[in-house]
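The values are calculated or read from the model by the stated rules, or taken from the named source; none is laboratory data. Values in this document were obtained by computation on a predicted structure and should not be read as measured data. Note that each Cβ is placed from the backbone with ideal geometry, even for glycine, and that neighbours are counted across all protein chains shown.
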Amino acid sequence: MTYQVILPAAGQGKRMGAGKNKLLLELDGVPIFIYTLRVFDCDDSCSRIILAVNEDEKREIERLLAQFGIKKEVKLVSGGSERQYSVYAGVKVLENDEDIVLVHDAARPFIDSEQIQRLVEAAEQYGAAILAVPVKDTIKRAEGNKIKDTIERSSLWSVQTPQAFRTFELRKAHEQALCDQYLGTDEASLVERMGHDVIIVEGNYDNIKLTTPEDLFFAETIIAKRKSLKEKRS
Ligand code: CTP
Ligand code: MG
C-alpha cells in the first residue's frame with residue numbers, strides 16, 4: 001500500500017541559534033531538509049509529499065528542490081505559528097481518505113526506507129503507529145531540583161517521527177484538537193486522546209532530530225559512517 005507524507009519544515013530553528021531556519025543549513029554541501037526529502041523522493045511507496053514551509057522561504061525552497069533534483073512533485077503549504085498548525089495545514093490538503101499518512105519532522109534527515117516500511121505495515125495493521133527508541137538514561141521526576149521519584153525505565157520510550165495514521169483518523173484528531181484548543185507535541189498525542197491505540201515500532205538511534213548546535217556534529221558523524229559503509233559495500 002502507498003502512503004502520503006506531511007513534512008513540517010516551517011519552524012524558526014531558535015535552539016539551533018543559526019539566525020535562520022536550521023533546515024536551510026548545509027551538511028556536506030546539501031541543505032538538511034533536502035536529505036529528508038530525498039528519502040521520500042526515492043521511496044516508491046510514497047505517493048505524495050506535502051511540505052509545510054514559512055511563507056517567506058517558499059521561493060528559496062522551491063529553488064533548492066529543483067537544484068537538488070527532487071523528482072516528485074512537492075506540494076507546498078504555508079506553516080503556522082506552532083508545529084501542530086503547520087501539520088494541520090498539510091492535513092487540509094490530504095487526499096485519499098483510506099490511505100495511510102505519515103507525519104515526519106523535516107529536521108530528522110536520517111530516516112530510512114526500511115524503518116518507514118516497518119512503520120507503514122504496523123499502521124496498516126493497527127491503524128496508528130509511531131517510531132520510538134528505548135530511553136537510555138535513568139529518568140527522574142523532580143519538583144524544582146528535588147527528586148520526587150525515579151520512573152521505571154523499561155516502560156519509557158523516546159518518541160520520534162515518522163508517525164503513521166489512517167488519513168481520516170488523523171484529520172479527525174486534528175479537528176478535535178483545534179476545537180478543544182489542545183496543543184500536543186506530536187500527532188500520536190492527538191490520536192491517543194481520541195481513544196485510539198497507537199503502536200510503537202522500535203526505530204533506530206540514528207534518527208535524531210537536529211535541534212541544538214552539537215547535533216550538527218552528530219549529524220556529520222552519521223553522514224561519515226554512512227559514506228564509509230557505502231564505500232565498503234561497493
Ligand atoms: N515546525 C513547523 N512549524 C512550526 C514549528 C516547527 O513546521 N511552527 C517544524 C520544524 O521545521 C521541524 C519540526 O517541526 O522540522 C520539529 O520542530 P523543532 O525541531 O522544534 O524545530 P523548530 O521549531 O524550527 O526549532 P526551535 O523549536 O528550536 O525553534
Ligand atoms: Mg520548535
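Miscellaneous remarks
- Of all the residues in region 1-28, those that are within 6 Å of ligand 1 (Cβ to nearest atom) and of a type in the set (Gly, Ala, Ser) number 4.
- If the condition is being of a type in the set (Phe, Trp, Tyr) and more than 17 Å from GLU202 (Cα to Cα), then region 122-177 contributes only PHE168.
- Of all the residues in region 89-119, those that are at pLDDT 95 or above and more than 9 Å from PRO162 (Cβ to Cβ) number 17.
Quick grid of which residues meet (1) touching a helix residue (DSSP H, G or I) at 6+ places or on another chain (Cβ under 7 Å); (2) surrounded by 13 or more Cβ atoms within 10 Å (Cβ to Cβ):
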{"site": "THR2", "(1), (2)": "no, yes"}
{"site": "GLY29", "(1), (2)": "no, no"}
{"site": "PHE40", "(1), (2)": "no, yes"}
{"site": "CYS46", "(1), (2)": "yes, yes"}
{"site": "ASP56", "(1), (2)": "no, no"}
{"site": "GLU62", "(1), (2)": "no, yes"}
{"site": "GLN67", "(1), (2)": "no, no"}
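- Positions within region 29-57 being more than 30 Å from GLU124 (Cβ to Cβ), in contact with a Gly (Cβ under 9 Å, 6 or more places away or on another chain) and away from ligand 1 (no atom under 13 Å from the Cβ), in sequence order: none
- Among the residues listed as ILE147, ILE70, the single one being away from ligand 1 (no atom under 16 Å from the Cβ) and more than 19 Å from the chain's Cα centre (by Cα): ILE147
- Yes/no for ILE130 being within 16 Å of ligand 1 (Cβ to nearest atom), in contact with a helix residue (DSSP H, G or I) (Cβ under 6 Å, 6 or more places away or on another chain) and touching a residue at least 40 places away in the same chain (Cβ under 8 Å): yes
- Pairs with Cβ under 9 Å, 6+ apart, first in region 29-57 and within 16 Å of ligand 2 (Cβ to nearest atom), second among the basic types (Lys, Arg) and in a strand (DSSP E or B): none
- Some residue of region 86-100 being within 25 Å of ARG226 (Cα to Cα) and either of a type in the set (Val, Ile, Thr) or touching a residue at least 24 places away in the same chain (Cβ under 8 Å) (or both): no
- Close pairs (8 angstrom Cβ cut-off, 6 or more residues apart or separate chains): within 12 Å of GLU192 (Cβ to Cβ) and free of Cβ contacts under 8 Å to residues at least 40 places away in the same chain in region 163-177, surrounded by fewer than 17 Cβ atoms within 10 Å (Cβ to Cβ) and hydrophobic (A, V, I, L, M, F, W, C) anywhere: ALA173/MET194; GLN176/MET194
- Among residues of region 10-23 that are in contact (Cβ under 8 Å) with a residue 24 or more places away in the chain, those with a beta-carbon under 9 Å from a residue that is of a type in the set (Ser, Thr, Tyr) and more than 6 Å from ligand 1 (Cβ to nearest atom) at least six positions away or on a different chain give the pairs ALA10/SER78; ALA10/TYR85; ARG15/THR212; MET16/THR212; GLY17/THR212; LEU23/THR36.
- Among residues that are in contact with a Phe, Trp or Tyr (Cβ under 8 Å, 6 or more places away or on another chain) and part of a loop (DSSP other than H, G, I, E, B), ALA164 is not included.
- LEU119 meets each of the listed conditions (1) surrounded by fewer than 21 Cβ atoms within 10 Å (Cβ to Cβ); (2) away from ligand 2 (no atom under 16 Å from the Cβ) apart from (1).
- Some residue of region 89-109 being more than 16 Å from ligand 1 (Cβ to nearest atom), among the aliphatic types (A, V, I, L, M) and surrounded by 22 or more Cβ atoms within 10 Å (Cβ to Cβ): yes
- Hits in region 4-18 (condition: farther than 19 Å from LYS75 by Cβ and either crowded, with 17+ Cβ neighbours inside 10 Å or more than 16 Å from ligand 2 (Cβ to nearest atom) (or both)): GLY13, MET16
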